Amino acid sequence: MAQILSIAREGTLKTQIMYRANLSFAQLNEYLSLLQEVKLLRVNSEDGRTTYRTTTKGMKYLENFSIINSLLKRAHEDNPKGKHSNQPTYFLY
């Protein structure tokens, strides 16, 4: 989902999202519906062209996603071989 939101930051066509995110048409439609439903993506129709653009809420999602990604990367770099520690492990779903 973050990849779709990133692609649509400046507004883009559905086919561009599909190819750049390497998604099937069915997958893309599912993701676009979900992202619109939760107000992370909006649809603009103008001059017969439909574009998708990341909303302000979607941009905030991307910022938070980037922070979490950095934290996880740093944690992995601190423990590259997956050695167990006494600290709990957290998983993102």
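Could you check, for region 78-90, whether at least one of its residues is touching a Gly at 6+ places or on another chain (Cβ under 6 Å), in a loop (DSSP other than H, G, I, E, B) and either at pLDDT below 95 or closer than 23 Å to GLN16 by Cβ (or both)? Even if it seems obvious, please write down each step before you answer.
As a first pass, look at region 78-90 and keep what is touching a Gly at 6+ places or on another chain (Cβ under 6 Å): none.
No: zero hits.
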All conditions in (1) modelled with pLDDT under 95; (2) assigned to a helix (DSSP H, G or I); (3) in contact with a helix residue (DSSP H, G or I) (Cβ under 9 Å, 6 or more places away or on another chain) are true of GLN27 except (1)
Residues of region 12-26 being closer than 16 Å to LEU40 by Cα and surrounded by fewer than 13 Cβ atoms within 10 Å (Cβ to Cβ), in sequence order, are none
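Go through region 1-11 residue by residue and tally those that are under 19 Å from GLY48 (Cα atoms) and either buried (at least 19 other Cβ atoms within 10 Å of the Cβ) or of a type in the set (Val, Ile, Thr) (or both). Give the steps one after another, and end with the answer.
Going residue by residue through region 1-11, those that are under 19 Å from GLY48 (Cα atoms) are 8, 10-11.
Next, from what is left, pick out any that are either buried (at least 19 other Cβ atoms within 10 Å of the Cβ) or of a type in the set (Val, Ile, Thr) (or both): 8.
Going through region 1-11 one residue at a time, the tally reaches 1.
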- Please verify whether region 51-68 includes one or more residues that are modelled with pLDDT of 95 or more, more than 11 Å from LEU5 (Cβ to Cβ) and assigned to a strand (DSSP E or B). yes
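The values are calculated or read from the model by the stated rules, or taken from the named source; none is laboratory data. Since the structure is predicted, the reported quantities are computational estimates derived from the model, not experimental observations. Positions of Cβ are generated from backbone atoms using ideal geometry, with glycine treated the same way; all protein chains shown enter the neighbour counts.
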